[in-house]
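Here's the structure we're looking at; comments come further down.
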Amino acid sequence: MTKCMSYEEKSMENIFIEENGAYSIDCRTAVWATDKMHEDYHNAGIHINDVDFLIENATHILMVEYKNACIENAENPNAFHPMEEKKISIATRKFYDSLHYLRLLEKDKPIQYIYILEYPNGDATTRKRLRDRLKTELPFVLQNNIGKGKKLIERVEVLSIAEWNADSNYREYPIKRVTLQ
């Protein structure tokens with residue numbers, strides 16, 4: 001039996017709230033989008049490190065990882081250092097672990113991995129350094145060496161919320177502060 005949705009439920013479909021409840025990402029214009037990957041793996045008894053959101057547009061799949069240590073009530077925000085090897089390793093693993101999900105859904109458009117990052121003292125220079133560091137851990141060299149034209153990833157970006165919202169491609173899925181009614 002199909003569940004009928006109210007207008008309010010339909011208008012909220014594909015507007016995802018990040019885990020802290022402070023920001024939302026509006027994916028209503030996406031071809032397909034989900035924030036349920038972690039839940040789906042958990043329900044299957046599988047523990048992985050997955051990205052927070054998957055967004056499909058006409059040409060690409062966007063794997064979106066979101067970290068915000070600048071929100072109110074963030075636990076020890078000054079202790080968050082995204083350039084630490086452990087943090088880089090986790091961010092990298094999220095890309096690889098999320099690939100399985102896309103393949104099972106037969107989503108085979110080119111992939112862009114976007115890490116949206118807000119943290120104290122973060123700036124464009126540190127985000128660029130992190131992007132360059134992630135590039136060395138992601139399969140760019142591997143796909144060039146053995147890919148025969150096939151790519152696992154086309155691009156990696158590390159952006160602030162403002163940079164995401166200003167980008168000509170990504171702003172179609174705006175990230176906004178959640179307001180309490």
Item to check | Rounded if a/c under 1.5, otherwise prolate or oblate - segment 102-153, Cα gyration tensor axes | outcome: oblate
Checklist outcome for this item: Mean accessible area per residue over segment 46-152 (1.4 angstrom probe, all protein chains present, square angstrom) is 56 Å²
Checklist entry - How much of the DSSP beta bridge set in the chain is antiparallel, as a percent to the nearest 5? => result 50 percent
Checklist entry - What is the magnitude of the charge dipole of the chain about its Cα centre, with +1 placed on the Cβ of each Lys and Arg, -1 on the Cβ of each Asp and Glu, and no other charges, expressed in debye to the nearest 20? => result 700 debye
Next on the checklist: Probe radius 1.4 Å, ligands and nucleic acids ignored: give me the carbon and sulfur share of the accessible area of the chain as a rounded percent.
Outcome noted: 50 percent
Checklist outcome for this item: By the C-alpha gyration tensor axes a ≥ b ≥ c (rounded if a/c is under 1.5, else prolate when a/b exceeds b/c, else oblate), the shape of segment 30-181 is rounded
Checklist entry - Say each of I71 and D123 gets a label point 7 Å from the Cα, pointing the same way as Cα to Cβ; how far apart are those two points in nm? => result 2.6 nm
Checklist entry - Is segment 125-175 rounded, prolate or oblate when judged by the Cα gyration tensor, a ≥ b ≥ c being the square roots of its eigenvalues, rounded requiring a/c under 1.5 and prolate requiring a/b larger than b/c? => result oblate
Checklist entry - Local charge sum around V31 (other residues, Cβ-Cβ under 15 Å, Lys/Arg +1, Asp/Glu -1)? => result -3
Checklist entry - Roughly how many nanometres apart are two label points built 7 Å out from the Cα toward the Cβ at N144 and I17? => result 4.4 nm
Checklist entry - Please state the relative contact order of the chain as a whole percent: Cα pairs under 8 Å, 6+ residues apart? => result 24 percent
Checklist entry - Which parts of segment 144-163 would a label at T29 reach, counting a residue when its backbone N lies under 18 Å from a point 7 Å out along Cα-to-Cβ? => result 161-163
Checklist entry - Going highest first, how would you order 52-61, 136-145 by mean Cβ packing within 10 Å? => result 52-61, 136-145
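The values are calculated or read from the model by the stated rules, or taken from the named source; none is laboratory data. Everything quoted here is computed from the prediction, not taken from an experiment. Cβ sites come from the backbone with ideal geometry, for glycine too, and all protein chains shown count toward neighbours. Heads up: the accessible areas ignore ligands, DNA and RNA and are worked out on the full protein's heavy atoms, side chains in. Shrake-Rupley method; radii C 1.70, N 1.55, O 1.52, S 1.80 Å.
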